[in-house]
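Each reported figure results from applying straightforward, stated rules to the coordinates on display, with no laboratory input. In this text, all values refer to a predicted model and were calculated from it rather than measured experimentally. Cβ placement follows ideal geometry from the backbone for every residue including glycine, while neighbour counts extend to all protein chains displayed.
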Amino acid sequence: MLNLRNFLTLPLVVTLAAISAEAGANTLINGAGATFPQPIYSKWFAEYASVNKAASINYQAIGSGGGIRQLIQGTVDFGATDEPMSAEEAGKVKTPVLHVPTVLGAVAVSYNVPGVKSLNLTGEMVAEIFMGTIKKWNDPKIVAANKDAKLPDLAIVPTYRSDGSGTTAVFTDYLVKASKGFEIKVGKGKAVMWPAGIGAKGNAGVAGVIAQNPGAVGYVELVFAATNNLAVASIQNKSGEFVAPSTASVSAAATGRVPEMLKNDFKVSITDPTTKGAYPISSFTWLLIPNEMSKVKGSAMIAFVDWALGATGQKMAADLNYAPLPKELATEVVARVKKLQLK
Amino acid sequence: MASSTHDVRRSDRAFKRGLQVAAWAILALFGALFWFLFMSAKPAFDAFGWQFYVTKVWNPVLDQYGALAFMWGTLVSSLLALVIAVPVSVGAALYLTELAPRPLRAPVGFLIEMLAAIPSVVYGIWGIFVLAPFLRKWVQPFLSEHLGFIPLFEGAPFGLGMMTAGIILAIMITPTITAITREVFRSIPDLLREGALALGATRWEMLRIAVLKTGAAGILGATVLGLGRAMGETMAVAMVIGNRADISLSLLKPGATMASVIANEYAEAGSDMHLAALTAVGLGLFFVSLIVNSAARAIIWRVERTGS
């Protein structure tokens with residue numbers, strides 16, 4: 001009987017110990033949210049554990065929506081999202097939540113057209129392809145933007161993410177700005193009703209469909225496209241240049257946006273930017289940190305953000321194909337995070 | 001002495017109590033599950049009423065939801081799976097119980113049952129990287145070119161779609177149907193077979209009269225159990241069905257099932273209504289599975305009573 005009791009109470013004791021660890025030497029901070037930044041976040045949290053032995057941060061990539069829900073319920077200390085919280089969601093949390101941009105990501109338009117090595121597309125064209133109104137690769141509009149390419153008489157198969165995703169949110173956020181028709185017919189969100197094409201699960205699923213179907217085109221995270229060497233299209237930005245996605249062109253999309261960022265608590269969409277050399281389907285990814293935290297957890301969080309947005313952390317991001325924050329922005333973000341209210 | 005019998009009685013009672021709790025806990029869990037699904041789905045029922053199950057628009061941006069396309073997808077993919085799996089399974093079971101050389105029966109049966117142990121995500125990956133490209137390259141172009149005039153095979157070959165989902169499901173439910181059918185055939189007394197042969201039946205006639213006919217209800221029960229599994233299958237289907245909330249007769253077109261849409265959209269469901277709509281789809285699936293499984297139980301129960 002005694003053994004049984006021990007057996008039953010052991011997990012409880014362990015849990016209590018984990019909770020009360022806050023009082024002890026090692027602070028455990030729990031977070032949950034977006035899958036998109038998971039590679040860099042897990043790298044950061046692992047590396048940071050050796051920098052600051054007093055704190056360990058545990059992150060579960062359950063999706064932005066799930067992270068926000070857990071933050072609202074108070075089961076995690078911080079969340080993470082690819083899309084700023086909606087007003088409805090913000091109204092449900094107990095303390096105001098700070099949006100802390102950490103790195104930049106981008107959505108790449110990947111394609112499989114035999115014999116075509118580089119491809120230029122305008123936002124309007126991408127929108128029409130995904131609405132099913134441009135049906136063939138040798139459509140006059142595409143040909144006009146790609147004078148040198150030999151575009152075949154091949155049906156276009158648009159491929160989208162079937163699972164709700166921040167990638168879809170960023171992509172549609174851009175298309176809504178780039179095309180009036182898309183705004184009316186489809187709209188933006190993590191899951192939308194696509195008028196044409198087929199849906200595949202996750203970045204890997206979309207990439208699989210593209211690889212196997214000549215004529216297919218789809219959108220994947222830049223990190224994924226870069227690590228898998230997928231063929232990606234250059235997209236025309238507001239200044240008329242066709243820009244390929246890269247860490248530099250994505251960082252450029254955030255350059256010069258600091259005043260606007262400060263005014264809007266860092267909740268700024270940077271798709272379709274006006275900056276020269278900027279890739280138009282770029283976005284921040286944010287940590288969601290409650291403005292009021294306990295002294296122990298809060299100061300650990302501040303120290304972490306300071307480190308992650310500093311030279312070491314941002315270098316790690318670039319190594320994983322995430323675009324680093326522009327320096328002047330990182331400085332402002334760290335300054336703001338240091339003003340967290342600690343109790 | 002007296003105190004020791006007293007102890008035994010007490011421990012007996014405690015044991016009985018314990019078993020009672022275990023049994024009722026399962027029922028309570030069932031009730032709690034239903035209650036949870038119903039309460040979480042309520043906003044969707046309040047907003048769309050019963051029409052939720054007869055409209056096909058699924059637009060998270062406008063918060064408009066209807067489950068018809070998913071119900072259609074579940075139905076079509078599962079039926080396709082049955083059409084493929086039942087003849088194969090019954091054939092395999094027949095071979096294993098009646099025709100195969102004795103040393104072969106156990107190992108082959110074991111291997112077929114092993115198919116059931118492969119995780120569904122593995123089937124899904126195999127579907128994406130092996131089955132879908134194969135169908136797109138060798139099977140579907142032929143169907144769409146030569147049989148394209150039949151609505152069933154109309155459209156361009158993508159690889160991913162209803163047909164691929166149906167075939168994957170067929171492979172996944174074959175072991176279930178084979179295993180049960182094999183048991184059904186085994187339970188048929190040899191007397192019937194010997195009788196048929198004694199009356200001058202050929203081997204095929206004996207199989208038809210003594211085995212297939214006698215086991216018909218059992219085969220039906222196995223089929224319905226397979227159907228239940230096919231309808232609930234999530235991961236493999238979500239990976240290969242093409243995920244479009246659309247109703248089309250063509251097997252080459254992408255579709256979506258009730259289970260696949262929940263798996264796809266639940267984690268990132270934005271609005272409360274989206275979440276409620278997904279739970280309402282889950283409730284629908286819960287009921288359909290319940291009905292199918294009860295039907296299977298009833299059939300098997302009847303077989304057991306009349307068969308022995």
- From the Cα centre of region A:139-203 to that of region A:235-286, the distance in Å is 19
- Query: Roughly what angle does helix A:64-73 make with the longest principal axis of chain A, taking Cα atoms, 0 to 90 degrees, to the nearest 10?
  - Reply: 30
- Query: So what's chain A giving for Cα Rg divided by 2.2 N^0.38 Å, two decimals?
  - Reply: 1.09
- Förster radius 30 Å - calculated FRET efficiency between A:Q341 and A:N26 (Cβ-Cβ, nearest 0.05): 0.80
- When the charge dipole of the protein assembly as shown is computed with +1 on Lys and Arg Cβ and -1 on Asp and Glu Cβ about the Cα centre, the Cα farthest towards its positive end, among A:A252, A:G240, B:F38, belongs to B:F38
- Helix A:38-51 axis, angle to chain A major axis (alpha carbon atoms, nearest 10°): 40
- Residues B:A14 and A:D306, FRET efficiency given R0 of 45 Å [Cβ-Cβ distance, rounded to 0.05]: 0.15
- Rounded to the nearest whole Å³, what is the per residue volume of the convex hull around the Cα atoms of region B:44-306? 151
- Item | Antiparallel content of DSSP bridges confined to region A:107-256, in %, to 5 | 55
- From other protein chains only, count the Cβ atoms within 10 Å of every residue's Cβ in B:233-239, then give the mean. 2
- Query: Hey, can you list the DSSP H helices of chain B whose Cα span along the axis is 20 Å or longer and whose average Kyte-Doolittle score is at least 0.0?
  - Reply: B:2-48, B:68-94, B:162-187, B:216-232, B:272-307
- Message: Distances longer than 15 Å among the Cα atoms of region A:181-232: what percent of all pairs is that?
- Response: 52
- Message: Test of understanding: extend the Cα→C-beta vector of A:D265 to 7 Å, then name every residue of region A:292-335 with backbone N under 12 Å from that spot.
- Response: A:292
- Average beta-carbon neighbours from other chains, 10 Å sphere, peptide B:106-117: 0
- Query: Of the peptides A:156-166, B:100-110, how do they stack up when ordered by the mean number of other Cβ atoms within 10 Å, highest first?
  - Reply: A:156-166, B:100-110
- Taking 0.36 nm per residue of separation between A:K295 and A:T227 and subtracting their Cα-Cα distance, the length gained on full extension comes to 20.5 nm
- Ranked from highest to lowest mean number of other Cβ atoms within 10 Å per residue, what is the order of the peptides B:186-193, B:28-35? B:186-193, B:28-35
- 222 nm [θ] for the protein assembly as shown, helices only, -39500 (n - 2.57) per DSSP H run of 4+, per residue, to 500? -17000 deg cm²/dmol
- Checked against a 23 Å limit on the C-alpha separation, the offending pairs among A:K201/B:K137; A:K147/A:K190; A:K295/A:K339; A:K92/B:K42 are A:K147/A:K190
- Note on the structure: Taking Rh as the Kirkwood radius computed over alpha-carbon pairs of region A:207-343 and applying Stokes-Einstein at 25 °C with viscosity 0.890 mPa s, one gets a diffusion coefficient in µm² s⁻¹ of 147
- How much length, in nm to one decimal, is gained on full extension between B:R186 and B:L75, taken as 0.36 nm per residue of separation minus their Cα-Cα distance? 36.8 nm
- Message: What distance in nm separates the two pseudo spin-label positions at B:F38 and B:R305, each 7 Å out from Cα along the beta-carbon direction?
- Response: 2.9
- Amide H to amide H, which residues 5 or more places from A:I29 or on other chains are under 5 Å from it, using H placed in the peptide plane? A:S56, A:I57, A:N58
- Query: Relative contact order for chain B using alpha-carbon pairs under 8 Å, separation at least 6, rounded to a whole percent?
  - Reply: 27
- Averaged over every viewing direction, what's the projected area of the C-alpha convex hull for the protein assembly as shown? Give it in nm², one decimal, please. 39.5
- Note on the structure: A student asked for the Cα radius of gyration and Dmax of region B:212-252 in angstrom ought to give 14.9, 43
- In nm, what is the difference between 0.36 nm times the number of residues separating A:N138 and A:Q73 and their Cα-Cα distance? 18.2 nm
- Message: To make sure I understand the rule: partners must be lysines, Cα under 28 Å from the Cα of A:K141, and not fewer than 8 residues away in the same chain. Which ones qualify?
- Response: A:K117, A:K150, A:K177, A:K180, A:K185, A:K188, A:K238, A:K276, B:K253
- Message: Taking 25 Å as R0, compute the FRET efficiency from the Cβ-Cβ separation of A:E47 and A:T331 and round it to 0.05.
- Response: 0.70
- Item | Sequence-separation-based contact order of chain A, relative, with Cα cut under 8 Å and 6+ spacing, percent | 22
- Query: Which whole number gives the average, over all residues in B:146-153, of C-beta atoms from other chains lying within 10 Å of the residue C-beta?
  - Reply: 0
